[in-house]
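Q: Take this structure, written in structure tokens, and hold onto it; I'll ask about it next.
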Amino acid sequence: MDHIKSESDHMGTLSWPSQDFGEKVLDVMAWIMPVSVALSTFGAANGTEFTSGRLCYAAAREGHLVDILSYVHVRRMTPSPALIFNVHISIPIIVMVISAYLVVAPIIDNPQMEYLYASCFIAGGLIFYYPFVYRKWVLLGMKPDLHACRLCYAAAREGHLVDILSYVHVRRMTPSPALIFNGLIALAMITVGDINSLIDFFSFTAWIFYGGAMAALIVMRYTKRDVPRPYKVHISIPIIVMVISVYLVVAPIIDNPQMEYLYASCFIAGGLIFYYPFVYRKWVLLGMNKITVFFQLLLEVVPTDKLSGL
């Protein structure tokens, strides 16, 4: 019993970065941090399960798994066998238990009226749910794409990266060069860096680009009014996202200034050295065509505009 009690006391003294941030910055609203972490974990687990189902479905279609996993429901057209094969009931149960603990524990430990106010505030979201979600007054066009390889693939098609990254496999129609490239970059970053530092500086860099994208959207909303837009959101949304991005870029520098933030900023600015000659001026390095042909033969990939003739 003493051992259990000591373990419990030890767990009670643990401190997490999100918890410390919430207590220092959010004060009585610090409970938002564990709730957000729990919801993020649940969303990540949900996305992982469905993505894994697609992986098994695709692998079975290529003959790498049993045929039954490539079959779909006769009416719903969903890969039911692959989904059932991948959905582990333990994952959502564990996430739900952790979420319930992180929500209930602060209330039991230190009950406050602010928790009731916050719950009412969350429930009040139904006021916005009906017009903006159910009635779809605002399209969900800002949903992020979590597949980084598509960014490389799209950038290469626009001429911002080497051509080979815009090619797809001749039979499977997948952008395998972009997938391999992102895997190698991720492996290199994990190998040579500390994972915590990588997360910090990736978030810093990512929010710089998010803010830049929102600023560009706001400018073009007024400078290119007549350009066709497949979807359109209210101007307040990019303004709010831009303000948040500015805060998330500036706050870490003020709270804990490090030289690495300067290195990251210089690295981003250094991209102009390559942008001007190779993208704007469209220069091509000597021997680049031979390298492209070599990887085409090695990976069995072709440009997308050549697929119609295959």
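The values are calculated or read from the model by the stated rules, or taken from the named source; none is laboratory data. Predicted model only: the values in this text are computed from it and were never measured. Here the Cβ positions follow ideal geometry from the backbone for every residue, glycine too, while neighbour counts run over all protein chains shown. Side chains are part of the model used for accessible areas, which takes the heavy atoms of the whole protein and leaves out ligands, DNA and RNA. Shrake-Rupley method; radii C 1.70, N 1.55, O 1.52, S 1.80 Å.
Q: Which residues among the range 169-213 fall inside the zone where the amide N is under 14 Å from a point 7 Å beyond the Cα of residue 61, along Cα→Cβ?
A: Zone members listed by number: 169, 171-175.
Q: Right, next: Given a 1.4 Å probe and heavy atoms of the protein chains only, how would you sort 101, 276, largest accessible area at the top? Provide the component values of the computation, followed by the final result.
A: Numbers: 101 150, 276 120 Å².
From most exposed to least exposed: 101, 276.
Q: Quick check on packing: order 167-174, 156-163 by the mean number of other C-beta atoms within 10 Å, highest mean leading. The partial results should precede the final answer.
A: Details: 167-174: 15.0, 156-163: 16.5.
With the highest mean Cβ count within 10 Å placed first, the list reads 156-163, 167-174.
Q: Please calculate the 1.4 Å probe accessible area of residue 62, with all protein chains present, and give it to the nearest 10 Å².
A: The value for residue 62 is about 90 Å².
Q: Given a Förster distance of 22 Å, report the FRET efficiency between residue 269 and residue 215 from their Cβ-Cβ distance, rounded to the nearest 0.05.
A: It comes out at approximately 0.85.
Q: Stretched out fully, how many nm does the piece from residue 196 to residue 40 gain, at 0.36 nm a residue minus the Cα gap? Don't jump to the answer; show the numbers that get you there.
A: Working: separation 156, 0.36 × 156 = 56.16 nm, distance 1.79 nm.
Difference between extended and current length: 54.4 nm.
Q: In addition: Under the 0.36 nm per residue contour assumption, what length would be gained going from the current alpha-carbon distance of residue 118 and residue 298 to full extension? Each step should come with its number before you reach the end.
A: Values: separation 180, 0.36 × 180 = 64.80 nm, distance 5.71 nm.
Once the chain is fully extended between residue 118 and residue 298, it gains 59.1 nm.
Q: Related question: Quote the FRET efficiency, to the nearest 0.05, computed for residue 223 versus residue 285 with a Förster distance R0 of 35 Å and r equal to the Cβ-Cβ distance.
A: Numbers: r = 35 Å, r/R0 = 0.99.
Using R0 = 35 Å, I get an efficiency of 0.50.
Q: Same structure again: Leaving out ligands, DNA and RNA but keeping every protein chain, what accessible area does residue 25 have, in Å² rounded to the nearest 10, with a 1.4 Å probe?
A: 80 Å²
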